[in-house]
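What follows is a short report on a single structure.
The values are calculated or read from the model by the stated rules, or taken from the named source; none is laboratory data. Quantities reported herein were computed from a predicted structural model and do not represent experimental measurements. Backbone-built Cβ (ideal geometry, glycine too); neighbour counts: all protein chains shown.
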């Protein structure tokens, strides 16, 4: 069958019955314009590619339940929401970083505390580098991109239980490595310093 000659509507119907070649044709047909739009809006080829990868993965996973009347409009609409979510995650990460920094700025008057906080940040970064790549990715998506376990599972093609396992392993290692700093963290968190 010559898929490049088929209409968008027919490709959607074929995808619903698990036709991988129809999906491949949708990908070929729409990837470039979607990529150009995403790259223009996020100013990064890498992020644009990641957004499209997630979008097409979700399209394939939900192919049997989606009701799509206009494939192009649907894909560009999904891309728009992917980009909004990307910027929302960046905004929240920046807000968290700003909040954390403002909390720390109040304590920097004490040189020992500043050194200890730097030690905590160093240990935290070292622990993240020690994690297996998939565990690190899951932790990053969960704690820094604020994605739900369901979203992470869908994006990485793993079960939610596996996501929970990766997060548990990450937190366990962080607790072990940061246990010496626990009293300091408690005092900073409670504002007793």
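Please state which one of 88, 63 is out of contact with any strand residue (DSSP E or B) (no Cβ under 7 Å at 6 or more places or on another chain), surrounded by 11 or more Cβ atoms within 10 Å (Cβ to Cβ), at pLDDT 70 or above and more than 30 Å from residue 13 (Cα to Cα).
Answer to the check: 88.
Within the range 148-163, the residues that satisfy the criterion of being more than 25 Å from residue 87 (Cα to Cα) and either assigned to a helix (DSSP H, G or I) or in contact with a strand residue (DSSP E or B) (Cβ under 9 Å, 6 or more places away or on another chain) (or both) are 161, 162. Filtered by the rule that a residue be over 16 Å from residue 60 (Cβ atoms) and either surrounded by 15 or more Cβ atoms within 10 Å (Cβ to Cβ) or in contact with a helix residue (DSSP H, G or I) (Cβ under 9 Å, 6 or more places away or on another chain) (or both), the range 9-43 gives 9, 10, 33, 35, 36, 37, 38, 39, 40, 41, 42. The set of residues in the range 123-147 being over 15 Å from residue 85 (Cα atoms) and assigned to a loop (DSSP other than H, G, I, E, B) consists of 131, 132.
All told, residue 115 falls short of being surrounded by 11 or more Cβ atoms within 10 Å (Cβ to Cβ), modelled with pLDDT under 70 and either more than 21 Å from residue 86 (Cα to Cα) or touching a strand residue (DSSP E or B) at 6+ places or on another chain (Cβ under 7 Å) (or both).
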